[in-house]
Amino acid sequence: MIEMTLREIADVVGGTLHDVSDPEARVTGSVEFDSRRIGPGGLFLALPGERSDGHDFAAAAVAAGAAAVLAARPVGVPAVVVTPEPGTVPASSVALAGDSDGSGAAVLAALAALARESVRRLSARSVGDTHGLTVVGVTGSSGKTSTKDLLAAVLAPLGSVIAPPGSFNNELGHPWTALRADESTRFLVLELSARGPGHIAALAAVAPPAIGVVLNVGTAHLGEFGSREAIAQTKGELVEALPVDGVAVLNADDQQVAAMATRTKANVVTVGQAAGARIRATDVRLDDEARARFTLHTPEGSVEIRLAVHGEHQVGNALSAAAVARACGADLTTIAEALSGARAASARRMDVRTTGDGVTVVNDSYNANPDSVRAALKALVTMSKAGETPRRSWAVLGEMAELGEESVIEHDRIGRLAVRLDVDRLVVVGTDRPSRAMHQGAVMEGSWGEESLLVPDIGAAIALLDAEVEAGDVVLVKASKSVGLWEVAEHLTGNRADDRGNGTEAAQ
């Protein structure tokens with residue numbers, strides 16, 4: 001963030017200074033909600049958590065070098081204190097366990113205000129040939145994190161880029177990421193997630209985007225939204241937030257996204273494989289690891305793209321990244337080189353590894369919804385069938401959460417799809433009703449017998465795979481984050497990822 005004095009921070013967030021001997025002392029380091037990550041000159045956020053309260057770690061954070069604490073009550077060390085309004089906890093996509101008095105909501109609101117002011121100053125800054133900060137926002141029911149990683153790759157040749165680690169895309173992760181930007185930052189790439197109407201509009205107000213990307217409208221969080229129409233209405237809040245000189249990048253292959261063109265005053269750039277898309281892909285083909293090659297067409301010309309990330313669904317993500325880079329001044333050669341060199345940067349998203357004994361593991365276990373599971377299954381089949389010698393495919397799947405009344409139907413459909421795609425072995429993990437529906441859908445679709453197996457838990461899945469997976473097999477692991485199915489993938493590969501999740505727990 002831009003350096004600020006404690007007095008300035010208090011003014012920005014509407015707080016008061018407590019135990020501060022020098023109001024002109026400056027915050028020169030990062031803003032952190034984990035006291036273990038605080039450094040000299042930083043600002044520590046005291047948030048309530050499921051197992052502990054960040055206020056209890058305020059003294060340790062200051063001892064570690066923090067200039068002050070952003071808190072909901074005095075903590076005995078230098079602090080900017082914001083007072084919760086009695087009885088009011090704002091609607092949020094973040095559930096802070098232990099926030100019974102609204103203290104966490106008050107600190108989150110202060111964090112948002114601080115991020116908004118830092119981004120405002122950076123965006124307005126333009127000295128000589130140095131441009132101000134450009135904020136790029138991306139939303140969609142699936143693919144946000146993969147696209148965010150591609151955006152960071154294609155914008156890097158144009159200047160310094162800040163993007164969130166993993167999926168920091170809610171009321172905590174979003175402003176936390178925005179506060180990573182400083183005077184050296186040229187581009188700030190942000191994911192925007194939502195669990196209800198108004199959430200994306202609120203995030204966009206924290207770091208107003210100049211460029212907005214809407215990838216798709218699917219069924220993620222259908223149980224909370226109630227309908228795809230409600231999801232589309234909420235995703236479109238991003239393009240409504242764009243300025244008249246901004247750019248809205250819309251997926252022409254998704255009718256509900258394409259229709260958002262009428263909801264923005266910004267310049268609209270369509271992307272996709274549809275004939276009318278302004279940024280278009282043709283001649284798409286996949287190699288034996290499901291990596292796409294295609295011809296990218298733009299008004300300036302065409303170029304061949306060869307992606308290093310896995311799955312045909314990455315073509316649409318790459319088109320969106322190319323459209324953003326083009327809007328920021330990148331030429332076709334720069335775009336092609338950056339896309340071709342981009343690798344998966346976020347843990348547990350289509351992370352493909354081959355073990356020493358020849359088993360290929362596709363760890364896509366960070367999260368799941370019907371659209372992303374379908375894409376992952378198609379990639380699995382491509383990888384197993386495309387080579388000269390077909391390999392045996394395993395799909396280890398768990399529950400897709402937050403689908404509401406459609407949950408059983410959607411799980412049944414995934415089980416049936418696994419049969420239609422000719423996945424060799426389906427292992428469904430869990431005893432919940434949705435998981436049983438997935439297994440039963442597979443059995444009913446193909447009378448598979450033991451080709452579809454329902455196991456009670458992660459331990460049983462690991463035991464099965466240890467006993468039956470052979471060299472040359474390809475194993476996909478995918479489920480919603482709450483299932484924790486990455487334990488299966490990481491057991492097979494021996495690699496454990498550093499997962500910071502969505503950052504909704506308080507520091508310890």
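Given the condition open to solvent by 50 Å² or more (accessible area, probe 1.4 Å), closer than 25 Å to GLU289 by Cα, acidic (Asp, Glu) and part of a helix (DSSP H, G or I), answer yes or no: does some residue in the range 443-465 qualify?
Yes.
On the given criteria, is ALA292 in contact with a helix residue (DSSP H, G or I) (Cβ under 8 Å, 6 or more places away or on another chain), outside any loop (DSSP other than H, G, I, E, B) and under 15 Å from SER146 (Cα atoms)?
Yes, satisfied.
Could you check THR262 against (1) in contact (Cβ under 8 Å) with a residue 12 or more places away in the chain; (2) among the β-branched types (Val, Ile, Thr); (3) surrounded by fewer than 19 Cβ atoms within 10 Å (Cβ to Cβ) and say which number it fails?
Status for THR262: all satisfied but (1).
Provide a single number: the residues in the range 349-399 that are hydrophobic (A, V, I, L, M, F, W, C) and free of Cβ contacts under 8 Å to residues at least 24 places away in the same chain.
Number satisfying all stated conditions: 0.
Condition first: of a type in the set (Gly, Ala, Ser) and at pLDDT 95 or above. Now tell me which residues in the range 385-396 satisfy that.
The answer is SER393, ALA395.
Name the residue, out of ALA338, ALA376, that is open to solvent by less than 20 Å² (accessible area, probe 1.4 Å), part of a helix (DSSP H, G or I) and under 29 Å from GLY301 (Cα atoms).
Unique residue meeting the criteria: ALA338.
Looking at (1) in contact with a helix residue (DSSP H, G or I) (Cβ under 7 Å, 6 or more places away or on another chain); (2) open to solvent by 70 Å² or more (accessible area, probe 1.4 Å), which is the one condition that is false for THR431?
Failing condition for THR431: (1).
Could you list, in sequence order, the residues of the range 472-486 that are surrounded by 18 or more Cβ atoms within 10 Å (Cβ to Cβ) and not basic (Lys, Arg)?
Result: ASP473, VAL474, VAL475, LEU476, VAL477, ALA479, SER480, VAL483, LEU485, TRP486.
Filter the range 383-413 down to the residues that are open to solvent by 10 Å² or more (accessible area, probe 1.4 Å) and aliphatic (A, V, I, L, M) and list them by number.
Passing the criteria: ALA386, ALA401, VAL408, ILE409.
The values are calculated or read from the model by the stated rules, or taken from the named source; none is laboratory data. Fair warning: this is a prediction, and the values are worked out from it, not measured in the lab. Methodologically, a virtual Cβ is constructed for each residue, glycine included, from the backbone with ideal geometry; neighbour enumeration extends over all protein chains shown. Note: accessible area is taken over every heavy atom of the protein model, side chains too, but ligands, DNA and RNA are not part of it. Shrake-Rupley method; radii C 1.70, N 1.55, O 1.52, S 1.80 Å.
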